[in-house]
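Here is the structure we will look at.
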Amino acid sequence: MYQAKQTRYDDMVYNRVGNSGLKLSAIGLGLWNNFGSVDPLDRQRAIIHQAFDLGITYFDLANNYGPVPGSAEENFGRMLASDLRPYRDELVIASKAGYVMWPGPYGNWGSRKSVIASADQSLRRTGLDYFDIFYSHRADPETNPEETAVALDQLVRSGKALYVGLSNYSGAQIKVMAAIFKDLHTPFIIDQPRYNMLNRQIETDVLPALTAEHKAAVSFSSLCQGLLTDKYLHGIPADSRAKKGTIPFLHPAQVEQTLDTVRGLNEVASDRGQSLAQMALAWNLRQPAIASVLIGASRPEQVVNNVQALQHLDFTSQELQRIDDLLAKQPTIDWQAK
Ligand SMILES: NC(=O)c1ccc[n+]([C@@H]2O[C@H](COP(=O)([O-])OP(=O)(O)OC[C@H]3O[C@@H](n4cnc5c(N)ncnc54)[C@H](OP(=O)(O)O)[C@@H]3O)[C@@H](O)[C@H]2O)c1
C-alpha cells in the first residue's frame, strides 16, 4: 500500500491562482504523454508517487490523453483507486474537453452537448465524483462562446467541477469568456496556454488579459517538450520523445534548428548552478501571472530534477538579458510542424 512521504509539503511552493481561494503547486504534472495504454503502469505509478511525494498536488488530464485516447484518465483512475484515494482532498485533478474524442459531430469542440458528454465520460474513466478544474481545451470558432461558458457553468452547478478554466484561448477570447462567467458567477480562475523560452507569444496577449481579469495561468510545454533540457545536446537519444516519432513538432530538423540556442541557454543555466530544465521552469515562474508550470515526465528522476528548480527562482537582470540575447538569434520555429 502506497504511503505518501510525511515531508511532502516541506519544500514545494504553492501559489494562489489569481484572486481565487485556490493555491496550486508551482509545478504540476501533466499526463498527456507517458501515461497511455502503451506505457508500463509501474513506471506511471512511480512518476505519480514521486511527484506527490515532492509536494506536487496538481495533476493535469484531458479526455484525449493516451494513446489510446482516454487511457491516461483510465490509468490515473486505476492509481486513484489503488493508491491515492486516501489523498483525494490533497489533490487538484483537472481534465478538459475540446479536441476530437469520439466519432460524429458531438465528440469535438465546444457545444453544450460535447462538453457535458465529454465531462461525464472523463468522470467515468477516472472514477471521480468531480474534477477540481474542468477546462475548455480550445475555443470553438463555430459555437457561440456563451454556449460553451454555460456548459462549463453547468458542470460546476451540477457538482461535476469545482472551478473552470480555458486553454489555448487568445487574450481577446479570454476577455469575452470572463465577462460571461462574471455574469453567471462561474468560478473561472485559470487559463492554460503554451509558454516557454522558445514561444513567448502570450507575453503580449494572454498574460495581460489574465492580469487585467485577476486570473492566473498554468503553462504547458514549459520545457518545449524536452527541447529546453540537456536531452538533445548530443543527438537524439533512443529513449526520447523525439525518437518515438509520435510528435510531429519534435522532428530531427526542429531539434537541430534549436541546438545553438539550447547550447547557449545551457551555459547560462550552468553559470546559475542549475540544469537547463530547472532554469526553463524558473524562467516561466518569473511571470507574476503564472501560478504553476506543467511538466511532462517519462521517468521519476525527471520530476526530481525539475522540482529542484524551486531552489533558485530569482534572476539577475544580466541573466535575463543573456537569455533574451540568445532567444533573439533563434530562427523562427514552425509550431504547426507536421
Ligand atoms: N492544453 C493543451 O493544449 C496542452 C498541450 C500540451 C500539453 N499540455 C499539458 O502540459 C503537460 C506537459 O506538456 P509537455 O509534455 O509538452 O511538457 P514538457 O514539460 O515541455 O516536456 C516533457 C518532456 O520533456 C522531457 N523532460 C522532462 N524533464 C526533463 C529533465 N529534467 N531532463 C531531460 N528531459 C526532461 C521528457 O521527454 P522524454 O519523454 O523524451 O524523456 C518529457 O516527456 C502535458 O502533459 C499536458 O498535461 C496541455
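Bear in mind these aren't lab numbers, they're just calculated from the coordinates by the rules spelled out. Note that the coordinates shown come from a computational prediction; the quantities given were computed from them, not determined experimentally. Cβ atoms come from the backbone with ideal geometry, glycine included; neighbour counts cover every protein chain shown.
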With no solvent and one point on each alpha carbon, what is the Debye value of log10 I(q)/I(0) for the chain at q = 0.07, 0.13 Å⁻¹? -0.27, -1.00
What's the long-distance tail for region 204-248, i.e. % of Cα pairs beyond 17 Å? 51
Region 65-89 and region 1-60: distance between their alpha carbon centers, rounded to Å: 12
Please report the equivalent ellipsoid semi-axes of region 1-149, computed as sqrt(5 x eigenvalue) of the Cα gyration tensor, largest first, in whole Å. 28, 19, 12
So which chymotrypsin sites (Phe, Trp or Tyr not before Pro) in region 243-338 are both in a DSSP loop and have at most 14 other Cβ atoms within 10 Å of their Cβ? TRP335
To the nearest 20 debye, region 19-158 has a Cα-centred charge dipole, built from +1 on Lys and Arg Cβ and -1 on Asp and Glu Cβ, of 140
Residue (of VAL38, ALA161, ASN284) at the positive-pole extreme of the chain, dipole from beta-carbon charges: VAL38
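Seen from all sides and averaged, what is the projected area of the convex hull of the Cα atoms in region 120-279, in nm²?
11.9
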Name the long-range amide H neighbours of VAL164: under 5 Å, sequence gap of 5 or more, or other chain; modelled H, no Pro or chain starts. PHE134, PHE188, ILE189
Report for region 108-247 the percent antiparallel among DSSP-assigned beta bridges with both residues inside it, nearest 5. 10
Cβ-based charge dipole, region 209-271, positive-most Cα from PHE249, LEU210, HIS234: PHE249
Output the antiparallel fraction of DSSP beta bridges having both residues in region 1-110, as a percent to the nearest 5. 40
Looking at the chain only, what percent of DSSP beta bridges run antiparallel? Nearest 5 please. 15
Stick to Cα atoms and the Kirkwood definition of Rh, then tell me Rg/Rh for region 29-71. 0.98
Beta carbons within 10 angstrom, averaged per residue: use that to sort the peptides 273-281, 37-45, highest first. 273-281, 37-45
So, in region 195-338, how many Lys pairs have Cα atoms under 29 Å apart, if the pair is 8 or more places apart or on different chains? 9
What does the extension gain come out to for ARG200 and LYS5, with contour length at 0.36 nm per residue minus their alpha carbon separation? 66.6 nm
Under the 7 Å Cα-to-Cβ spin-label approximation, TYR87 and ILE247 lie apart by a distance in nanometres of 2.5
On a full-extension model of 0.36 nm per residue, what is the gain between LYS113 and HIS214, subtracting their alpha-carbon distance, rounded to one decimal in nm? 33.4 nm
For region 288-338 (alpha-carbon point model, no solvent) the Debye-based log₁₀ I(q)/I(0) at q = 0.12, 0.13, 0.14, 0.29 Å⁻¹ works out to -0.48, -0.57, -0.66, -1.00
